[in-house]
1. Evaluate the charge dipole of the range A:5-109 about its Cα centre and quote only its size in Debye, nearest 20, assuming +1 on the Cβ of each Lys and Arg and -1 on the Cβ of each Asp and Glu.
2. Give the distance, in whole Å, between the Cα centre of the range A:38-114 and the Cα centre of the range B:41-55.
3. Determine, from the Cβ-Cβ distance of residue A:91 and residue A:26 and an R0 of 41 Å, the FRET efficiency 1/(1 + (r/R0)^6), rounded to the nearest 0.05.
4. With a 10 Å cut-off between alpha carbons and a GNM built on chain A, which of A:90, A:53, A:82 moves the most?
5. Suppose the Debye formula is applied to equal point scatterers at every Cα of the protein assembly as shown; what is log10 I(q)/I(0) at q = 0.12, 0.14, 0.18 Å⁻¹?
6. Sorted from largest to smallest, which semi-axis lengths in Å does the alpha carbon gyration tensor of chain B give for its equivalent ellipsoid, taking the root of 5 times each eigenvalue?
7. Angle, helix B:99-109 long axis vs. longest principal axis of chain B, Cα atoms, 0 to 90°, nearest 10?
8. Note the angle between two axes, namely the Cα long axis of helix A:22-35 and the longest principal axis of the Cα atoms of chain A, as a number of degrees from 0 to 90, rounded to the nearest 10.
There are 2 protein chains.
Amino acid sequence: MALTPVEAVACCLPLNREPLSQEAAERIVPMLKALADPVRLRLLSLVASHEGGEACVCDLNDAFELSQPTISHHLKVLHGAGLLEREKRGVWVYYRSSPSAMSSLAALISDTTT
Amino acid sequence: MALTPVEAVACCLPLNREPLSQEAAERIVPMLKALADPVRLRLLSLVASHEGGEACVCDLNDAFELSQPTISHHLKVLHGAGLLEREKRGVWVYYRSSPSAMSSLAALISDTTT
DNA sequence: CATAGCCATCGACACCTGTCAATATCGACG
DNA sequence: CGTCGATATTGACAGGTGTCGATGGCTATG
């Protein structure tokens, strides 16, 4: 136990290789839930496509017509799922995308029959 | 408009190439929402890993300790998201996985910086 | 036509989730 | 130390979602 979501995904075979166990599914789902919201998907894309793969919260707030607590909440969900890393520098907080998390997820979903 | 979820995903650049627009995000999210449930993730894995990439509903019902309407509901969600195709053969209904949908999603998520 | 079996739909309920306003925390700077 | 600005947390609320029992539609078979 105490596996991070990313670790839970990284050790799984692709979906079409063998039936996923209930335990594995429940460990993986938090990452997919984190992605399954339009605001969070855009936040992740904003950070991942930003210069250096990181972005300041202040910039992210300005990109949406949503309250600051709402953006903070979504960033927390993405961070909790292991999709974003967090670093505080002075007064500002920077979020950085996690390529390993993304590629693990992609490997889980990707087709392996070809 | 009237794009299927799969078409909406297939024409998108990877998340880390450029910020996702709100419209694109909202079109993609239904597929991710469909995946973001442990029962549906296992259902998809069961079908995708099954011989021939298809499985009968009767087999899927037996794999879970859930009511038949609940499984039917989850299959409908996966079908609506374009992740499963549906075919009725006589009394039985078969669901088949959609490799193109899966690989489109994987391409969206996968890292392209390496 | 009657029955039986497979699957879908409906209606109801408890629970989860996205959002906001208000407030707290924390670091920088006079 | 007091203030200000950047983020996070809390509490509350509306709407969404997973589950079930009951029921309906369809198809094969007597």
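No lab work stands behind these numbers, since they all come straight from the coordinates. Predicted, not measured: the structure shown is a model, and the values here were computed from it. Positions of Cβ are backbone-derived with ideal geometry, glycine not excepted, and every protein chain shown enters the neighbour counts.
1. Working: 10 positive and 12 negative charges, 21 e Å.
The dipole magnitude comes to about 100 debye.
2. So the two Cα centres are separated by 31 Å.
3. On the way: r = 38 Å, r/R0 = 0.93.
Given R0 = 41 Å and the Cβ-Cβ separation, E is 0.60.
4. Top of the fluctuation ranking is A:90.
5. -0.64, -0.85, -1.31
6. Numbers: eigenvalues 160, 37, 33 Å².
Listed largest to smallest, the semi-axes of chain B are 28, 14, 13 Å.
7. 40 degrees
8. 30 degrees
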